[in-house]
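Asks: I'd like to ask some things about the structure below.
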Amino acid sequence: MQQGFTFEADDKPLSDILFETRRKYCIPRYQRPYAWGIEEITEFWEDLITNEEPYFIGSLIFNTEKEKDDGVVDIIDGQQRLLTITILMAAIRDVAKVLDENSASLFQRQDIAIENWEGKSSYRIKPSESLEQYFSMYIQGNQADIASSKAKTDEEIRVKTNYEFLKDKITKEINRFQKKDSQIESLQKLRKKVRGLMVINVEISREEDAYDIFETTNARGMELSVGDLLKNLIFKNIKPGPDKDFAKDVWSEINHNIEDTNTELKRFIRYFWISKYGFVPEKRLYKEVKKKISNTQWIDLLQDLWDDSKRFNLLLEGEVSNFLEYKEG
């Protein structure tokens with residue numbers, strides 16, 4: 001890590017971080033969407049089932065800067081695992097509903113929610129804005145039926161698919177036992193395994209460090225695209241205002257424009273860059289952006305990306321009438 005970073009790191013069971021604490025976690029604005037698919041979820045499940053002893057699932061990095069004021073800790077590295085573990089706990093809860101409502105209620109209160117002294121509950125993890133409504137209703141909520149939900153975005157589809165995969169695996173696992181008590185005991189054993197997962201807990205206390213750590217740690221894990229890394233850079237350099245988060249709102253518009261064309265965002269960004277600055281291989285694109293764009297040019301870059309995303313969308317999705325204004329007189 002770069003000089004000047006102040007952080008604490010120690011190894012802990014996941015229970016100390018996520019389940020036996022009143023801490024609330026939030027996925028910050030610069031994070032990428034939930035991205036785990038069947039390959040990652042299958043590997044996670046197989047590791048969980050085949051390891052009898054607690055095993056190591058990597059480092060979790062948190063920014064505690066806002067904890068005193070807002071009571072919330074930002075997740076810098078680990079959102080894919082923590083959201084997946086929440087999906088798993090929701091699947092365990094829902095399988096338990098068929099066997100014993102009291103157990104299901106206990107799992108909800110202890111594994112997904114935090115209950116205060118008045119009996120009011122809040123959720124342990126707040127997902128990104130793009131996923132929050134669906135996730136809180138169908139995963140963290142205890143009433144809605146995710147099977148009947150209409151997952152619209154890629155994130156929502158991944159959440160629903162992973163939930164159904166895990167629920168099916170859990171059901172098959174407990175069906176090895178015939179008695180209800182043994183099935184509930186099997187669910188408890190699975191919960192205990194999750195709580196015993198070992199992590200390296202890293203905590204920092206400055207937002208500026210968070211952006212740099214995000215870049216250096218995430219670029220080496222599950223591949224981040226140039227879009228994810230560029231978003232991080234833009235959000236680092238364009239801070240939210242008191243009433244509006246311009247960078248977040250515009251980036252969301254860019255995403256929607258490109259998603260509607262069924263084109264990968266990283267491909268659009270490369271097309272954009274080549275059209276303005278000349279050819280560059282994809283693997284060098286992020287470095288070129290960092291080298292070329294100065295500290296005063298980030299808003300201009302974001303605006304240009306936004307404008308070109310609209311034109312790109314029109315080229316692939318628009319009508320001839322959309323281009324009449326460009327017709328020579």
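The values are calculated or read from the model by the stated rules, or taken from the named source; none is laboratory data. Please read these numbers as outputs of a predicted model, since none were measured by experiment. Because the Cβ atoms are built from the backbone with ideal geometry, glycine has one as well, and the counts that use them run over all protein chains shown. The protein model used for the area step is the full one, side chains on, heavy atoms only, and it has no ligands, DNA or RNA in it. Shrake-Rupley method; radii C 1.70, N 1.55, O 1.52, S 1.80 Å.
Asks: List pairs: first in the range 131-160 and closer than 17 Å to residue 95 by Cα and at pLDDT 90 or above, second of a type in the set (Phe, Trp, Tyr) and open to solvent by 80 Å² or more (accessible area, probe 1.4 Å), Cβ under 6 Å, 6+ apart or cross-chain?
Replies: Once the first residue is closer than 17 Å to residue 95 by Cα and at pLDDT 90 or above and sits in the range 131-160, its partners that are of a type in the set (Phe, Trp, Tyr) and open to solvent by 80 Å² or more (accessible area, probe 1.4 Å) give 140/123.
Asks: Is it the case that residue 93 is among the basic types (Lys, Arg) and closer than 21 Å to residue 183 by Cβ?
Replies: Spelling it out, residue 93 is indeed among the basic types (Lys, Arg) and closer than 21 Å to residue 183 by Cβ.
Asks: Where in the range 6-99 are there strands (runs of 3 or more DSSP E), lying wholly inside it, with at least 3 residues that are in contact with a helix residue (DSSP H, G or I) (Cβ under 9 Å, 6 or more places away or on another chain) and buried (at least 21 other Cβ atoms within 10 Å of the Cβ)?
Replies: In the range 6-99, 56-63, 72-77 are the strands (runs of 3 or more DSSP E) which contain 3 or more residues that are in contact with a helix residue (DSSP H, G or I) (Cβ under 9 Å, 6 or more places away or on another chain) and buried (at least 21 other Cβ atoms within 10 Å of the Cβ).
Asks: Collect the residues in the range 19-58 that are touching an Asp or Glu at 6+ places or on another chain (Cβ under 8 Å) and among the hydroxyl-bearing types (Ser, Thr, Tyr), keeping them in residue-number order.
Replies: Result: 25, 34, 55.
Asks: Using the structure shown, decide if residue 221 is among the small types (Gly, Ala, Ser), at pLDDT below 90, closer than 30 Å to residue 287 by Cα and out of contact with any Leu (no Cβ under 7 Å at 6 or more places or on another chain).
Replies: In short, yes.
Asks: Among the residues of the range 136-166, write down those that are under 17 Å from residue 105 (Cα atoms) and open to solvent by 30 Å² or more (accessible area, probe 1.4 Å).
Replies: Residues satisfying the conditions are 136, 137, 138, 142, 143, 144, 145.
Asks: Write out, first by first residue and then by second, each pair whose Cβ atoms fall under 8 Å of each other, whose residues are 6+ apart or on separate chains, and whose first residue, in the range 243-255, is farther than 17 Å from residue 33 by Cβ while the second is open to solvent by 60 Å² or more (accessible area, probe 1.4 Å).
Replies: Filtered contacts from the range 243-255: 246/240; 246/299.
Asks: Hey, among the residues in the range 146-179 that are part of a loop (DSSP other than H, G, I, E, B) and under 25 Å from residue 31 (Cβ atoms), which one's nearest to the chain's Cα centre (by Cα)?
Replies: 153
Asks: Being at negative phi, touching a residue at least 60 places away in the same chain (Cβ under 8 Å) and within 23 Å of the chain's Cα centre (by Cα) is the filter here, so list the residues in the range 44-65 that pass it.
Replies: Hits for the range 44-65 are 45, 48, 55, 56, 57, 59, 60, 61, 62, 63, 64, 65.
Asks: Among the residues of the range 79-107, write down those that are in contact (Cβ under 8 Å) with a residue 40 or more places away in the chain and under 15 Å from residue 27 (Cα atoms).
Replies: 79, 80, 82, 83, 84, 85, 86
Each row is one residue, and each column tells you yes or no for (1) of a type in the set (A, V, I, L, M); (2) closer than 28 Å to residue 204 by Cβ; (3) touching a Leu at 6+ places or on another chain (Cβ under 7 Å).
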position	(1), (2), (3)
23	no, yes, no
27	yes, yes, no
34	no, yes, yes
79	no, yes, no
